[in-house]
Amino acid sequence: MGERWTLTQRAEGDLADIWRFGVRKWSIEQADRYQDAILDVLDMLGRHPGIAPRRDHLLPGLRAFPHASHVIFYRATDPDRGGIEILRIGHGRQDWSALIR
């Protein structure tokens, strides 16, 4: 977990699935680099929770931030001081409403 963000169990599973896919498709090193890049984005989002557009039609307070082939779905836990809860990390081509349910 980052200083200003937490992962739900579903988001933890998403991150693990993304890493495993990267290992199968490319290599452990590439999977590690991609995961590190996602973690860097989570740190940035934790510091700037309002940066992504709201997706209230999917879930009140939900925000979605694209990173490479994936989209990070989160909501602010403390909008004044920063801090977010990562709900899911999905592929950009997935059905977002099904992913969030």
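Only the coordinates and a few stated rules stand behind these numbers; no lab work does. In this text the structure is predicted, and so the values were computed from the model without any measurement. Positions of Cβ are generated from backbone atoms using ideal geometry, with glycine treated the same way; all protein chains shown enter the neighbour counts.
The figures follow:
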{"item": "Loop GluC sites (Glu not before Pro), the stretch 1-65, which have at most 15 other Cβ atoms in a 10 Å radius of their Cβ (DSSP)", "result": "Glu3"}
{"item": "Proximal charge balance of Ala31 [Cβ under 10 Å; K/R count +1, D/E count -1]", "result": "+1"}
{"item": "Length-normalised contact order of the stretch 5-100 in % [C-alpha pairs under 8 Å, at least 6 apart]", "result": "28 percent"}
{"item": "Chymotrypsin sites (Phe, Trp or Tyr not before Pro) restricted to the stretch 7-56 and DSSP loop, no more than 12 other C-beta within 10 Å", "result": "Trp26"}
{"item": "Acute angle (nearest 10 degrees) that the helix 28-47 long axis makes with the longest principal axis of the chain, alpha-carbon atoms", "result": "10 degrees"}
{"item": "Convex hull of Cα atoms in the stretch 5-100, direction-averaged projection (nm²)", "result": "5.7 nm²"}
{"item": "Electrostatic dipole magnitude of the chain [Cβ: Lys, Arg +1; Asp, Glu -1; Cα centre; debye, to 20]", "result": "360 debye"}
{"item": "Restricting the stretch 27-96 to trypsin sites (Lys or Arg not before Pro) in coil, as DSSP defines it, with at most 12 other Cβ within 10 Å", "result": "Arg81, Arg93"}
{"item": "Modelled FRET efficiency - R0 22 Å, Ala98 with Asp56, Cβ distances, 0.05 increments", "result": "0.80"}
{"item": "Phi to ³J(HN,Hα) by Karplus 6.51 cos²θ - 1.76 cosθ + 1.60 over the stretch 6-19, Hz, x for Gly, Pro", "result": "10, 9, 6, 4, 5, 5, 4, x, 4, 4, 5, 5, 4, 5"}
